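So the structure is just underneath, and the comments pick up after that.
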Amino acid sequence: MSEDSDKDKQHIEQITSDDYNSDEDPFNPFLTEDLERCAFYADSFYDQLLPRTTQILLEYNSGKWVPRLREPRDLYGLSPAAGHLNLVRWPHEYEVIREKIEHIEWVPPQPEPLYSPTCLETEPLCTDPGEGAVVYLADGGLTDKESSFMYSRIGGSFPSKQVLPQSWDDWDNTLIFEARFESGNLQKVVKIDFEYQLTLRTDLYTNKHTQWYYFQVTNTQAGMPYRFTIVNFTKPTSLYNRGMRPLLYSEAEAKIHKVGWQRTGDEIKYYKNNLGQGGRQYFSLTWTFQFPHDRDTCYFAHCYPYTYSNLQDYLANIAADPRRSKFCKIRILCHSLARNIVYVLTITNPLQDFQEEKRKAAVIVTARVHPGETNSSWVMKGFLDYILGDSNNAQWLRDTFVFKVVPMLNPDGVIVGNYRCSLAGRDLNRNYKSDLKESFPPIWCTRSMIKRMMGERKVLLYCDLHGHSRKENVFMYGCEKRDRQEEGAGLHQRVFPLIMSKRCPDKFSFQDCNFKIQKAREGTGRIVMWKMGISNSYTLEVTFCGSKLGSRHGTHFSTKDLESIGHHFCGSLLDFCNKKKSKVMQIDIISCSSNICSNYVLKGIQSKYFLLFGSSEAVNFIVNSVCFSLV
């Protein structure tokens, strides 16, 4: 900035502070015609009686004063000094302990192997009512109090008491359980010797959806063999029977050795149990283990936890960073049913040329519509780390696109430890067609935001991040027209997933991708956005377990692996926008295998690819590749 500009700024600051009550308007010589039109809104000195706004600031730019809107100081939770108990809202009847749960991030030095069944795993029977000792009972059955969500309060309800053993001879040997914290899920625990039978709480205001678990255990004994059995799963199949192991976090290990979440468990078995009645079947997950330390505080989880408070901490760091906050604007998309904030991020490098800015295409990424799919938040974190980074590729992506990101669509479900539903007791990812804004505010507002975006600019790609509970690897669901008579139908939608498979061949499986539109899925974000006109509309599915591919075959995914998928998503977007590479990928789609490529590709393919490549030689190569792959 020139020396004259600095003098002007100093002069204005002095006038503002010293001559505020002057009869003459000191800003008048500097006001442009545009500024005069909005002078009333910019703390006008003309009329002291009129209400003023503090939301317009004046900046000296290119020789004139330019008004702009003030950036919000704090967006309700973006201040690092804010305490989370003053931010997170719970159903009013929900008991919440005041202890703040925190975990360190840690990546194992080597990929953790899957469990190998020995065929000697036992299937413990569920205890009869009255058998064993109840050592934990969360509020006597929360869902009996209210049949539907009524209202929320900050911090929830103060715990009345904790069910603990008090008069037994084996007091010192009894584990103490707790799950009344953010994302925790545990309803009841029954003890028989060193075996514990656990019952998970169903999604609030429903009687189903039990998959996610996350709870605390204290009063541990090192070297003692324990068995945990969770008895009320409802899915008939599980990755636990394909080698997946539960996660264990030890506070002592974290403090002494800086070790975080790690896989644990032997004699792991997922099986149909003896609890089923009235045509309903239940399934148990059982495993044995030993605690690493005496008198330790440990946690067990289905997947690496990522809470609403974790997200707020992450966003607060972005907001406090003077570099990243320039091109990442954090706003409130809406409030959830419990009045928790649903954040939306707008990420792009601002351009001086307004017309160039308008020509930028949009990319939309969302996550955590299903609250128990915590792996999607780790992928989202990897995506954001990359796109907000300093690399040339990240700069190019921000120069080229406007990214709209909703990192947590269902904060209420995340907070209370639901697996699938919101506090409406419904799966939000089946209600993108719904007009019930009051029932599904994050979905309604996300759809409306995308509609507005489509009216302003082209939306190149939409992707909703999910976790998958029954398949290994990473893969995508896309959309293709049911009428395959159109030339090259379905090829374009396969390009981005194929690029992903080339980017991370040891994690992403193109053969696991599916592009069919099923009637039961027509309310999902992927299909609704496709029908709205976004041709590249995807769901990215990430296993809770690990990979069956390449060097990572037979190993679990770590948080670093999950974050790397977000990095590869950005890299794939770079390749996807490289016309030359995209054309090569379309050739690969046709020639990769007869399982992926079907006969309909042959119909009209020559005219499509003649236009793409502009030469008959390229067309002949494609047709020959198709014929070779189908032999």
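The values are calculated or read from the model by the stated rules, or taken from the named source; none is laboratory data. Treat the numbers as computed from the prediction; the structure is a model and nothing was measured. Here Cβ is always computed from backbone atoms with ideal geometry, including for glycine, and neighbour counts include all displayed protein chains.
Would you check which residues across the range 561-578 are in contact with an Asp or Glu (Cβ under 9 Å, 6 or more places away or on another chain) and either outside the structural domain of Thr543 (by TED's automatic domain parsing) or surrounded by fewer than 24 Cβ atoms within 10 Å (Cβ to Cβ) (or both) and list them?
If we filter the range 561-578 for residues that are in contact with an Asp or Glu (Cβ under 9 Å, 6 or more places away or on another chain), which is where we start, we get 563, 566-567.
If the condition is that a residue be in contact with an Asp or Glu (Cβ under 9 Å, 6 or more places away or on another chain) and either outside the structural domain of Thr543 (by TED's automatic domain parsing) or surrounded by fewer than 24 Cβ atoms within 10 Å (Cβ to Cβ) (or both), then Glu563, His567 are the ones that fit.
Can you tell me which residues in the range 373-421 are under 15 Å from the mean Cα position of the chain (by Cα) and charged (D, E, K, R)?
Step one: list which residues in the range 373-421 are under 15 Å from the mean Cα position of the chain (by Cα), which gives 373-385, 404-415, 417-421.
Of everything in the range 373-421, those that are under 15 Å from the mean Cα position of the chain (by Cα) and charged (D, E, K, R) turn out to be Glu373, Lys381, Asp385, Lys404, Asp412, Arg420.
Which residue is surrounded by the most Cβ atoms within 10 Å (Cβ to Cβ), if the candidates are limited to the range 198-233 and must be of a type in the set (S, T, N, Q) and in contact with a Gly (Cβ under 7 Å, 6 or more places away or on another chain)?
First, pick out the residues of the range 198-233 that are of a type in the set (S, T, N, Q): 199, 202, 206-207, 210-211, 216, 218-221, 229, 232.
Checking which are in contact with a Gly (Cβ under 7 Å, 6 or more places away or on another chain) leaves us with 206, 211.
On the way: Thr206: 17, Gln211: 22.
So the residue we want is Gln211.
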The condition of being over 15 Å from Gly533 (Cα atoms), modelled with pLDDT of 95 or more and assigned to a helix (DSSP H, G or I) holds, among Ile415, Ile450, only for Ile415
If we ask which residues in the range 228-270 are under 19 Å from Arg201 (Cα atoms) and of a type in the set (Ser, Thr, Tyr), their number turns out to be 4
Those residues of the range 127-163 which are loosely packed, with under 15 Cβ neighbours inside 10 Å and modelled with pLDDT under 55 amount to Gly140, Gly141, Asp144, Lys145
Going through the range 376-401 in order, the residues found to be buried (at least 17 other Cβ atoms within 10 Å of the Cβ) and hydrophobic (A, V, I, L, M, F, W, C) are Trp378, Val379, Met380, Phe383, Leu384, Ile387, Leu388, Ala394, Leu397, Phe401
Selection from the range 335-351 of residues β-branched (Val, Ile, Thr) and either buried (at least 18 other Cβ atoms within 10 Å of the Cβ) or more than 23 Å from Thr400 (Cα to Cα) (or both) yields Ile341, Val342, Val344, Ile347, Thr348
Note on Ala424: of the conditions (1) under 13 Å from the mean Cα position of the chain (by Cα); (2) under 30 Å from Thr199 (Cβ atoms), unmet is (1)
Counting only residues in the range 328-386 that are assigned to a loop (DSSP other than H, G, I, E, B) and among the charged types (D, E, K, R), the one farthest from Tyr306 (Cα to Cα) is identified as Asp353
Within the range 424-435, the count of residues that are out of contact with any helix residue (DSSP H, G or I) (no Cβ under 7 Å at 6 or more places or on another chain) and either over 17 Å from Gly413 (Cβ atoms) or of a type in the set (Phe, Trp, Tyr) (or both) comes to 1
Among the residues of the range 68-114, the number that are at pLDDT 90 or above, outside any loop (DSSP other than H, G, I, E, B) and either of a type in the set (Gly, Ala, Ser) or under 24 Å from the mean Cα position of the chain (by Cα) (or both) is 3
From the option list Ser422, Ser439, Ser434, single residue qualifying as more than 29 Å from Lys358 (Cβ to Cβ), surrounded by fewer than 21 Cβ atoms within 10 Å (Cβ to Cβ) and in contact with a Gly (Cβ under 8 Å, 6 or more places away or on another chain) is Ser434
Checking Arg398, Arg426, Arg420 in turn, the sole residue that is over 20 Å from Ile332 (Cα atoms) and free of Cβ contacts under 8 Å to residues at least 40 places away in the same chain turns out to be Arg426
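Against the definition (at pLDDT below 50 and more than 22 Å from the chain's Cα centre (by Cα)), how does Val584 come out, yes or no?
Details: at pLDDT below 50: no; more than 22 Å from the chain's Cα centre (by Cα): yes.
Answer is no for this residue.
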Note on the range 319-334: residues buried (at least 17 other Cβ atoms within 10 Å of the Cβ) and closer than 19 Å to Pro411 by Cα are Ile330, Leu333, Cys334
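Is it the case that Thr234 is modelled with pLDDT of 95 or more and β-branched (Val, Ile, Thr)?
Working: modelled with pLDDT of 95 or more: no; β-branched (Val, Ile, Thr): yes.
Judged against the criteria, Thr234 is not a match.
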All-but-one check, Trp168 against (1) modelled with pLDDT under 95; (2) not in a loop (DSSP other than H, G, I, E, B), failing number (2)
So, first residue in the same structural domain as Glu102 (by TED's automatic domain parsing) in the range 193-215, second residue among the aromatic types (Phe, Trp, Tyr) and surrounded by fewer than 20 Cβ atoms within 10 Å (Cβ to Cβ), Cβ within less than 8 Å, six or more apart or across chains; the pairs are Phe194/Tyr226; Glu195/Tyr226; Tyr196/Tyr226; Leu204/Phe149; Tyr205/Phe149
Residue count, the range 241-283, condition buried (at least 16 other Cβ atoms within 10 Å of the Cβ), in a helix (DSSP H, G or I) and basic (Lys, Arg), comes to 1
**Prompt:** Residue check: is Asp464 outside any loop (DSSP other than H, G, I, E, B), out of contact with any Asp or Glu (no Cβ under 8 Å at 6 or more places or on another chain) and assigned by TED's automatic domain parsing to the domain that holds Lys381?
**Reply:** yes
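With respect to His293, is the statement that it is part of a loop (DSSP other than H, G, I, E, B), in contact with a strand residue (DSSP E or B) (Cβ under 8 Å, 6 or more places away or on another chain) and not assigned by TED's automatic domain parsing to the domain that holds Ile534 true?
Details: part of a loop (DSSP other than H, G, I, E, B): yes; in contact with a strand residue (DSSP E or B) (Cβ under 8 Å, 6 or more places away or on another chain): yes; not assigned by TED's automatic domain parsing to the domain that holds Ile534: yes.
In short, yes.
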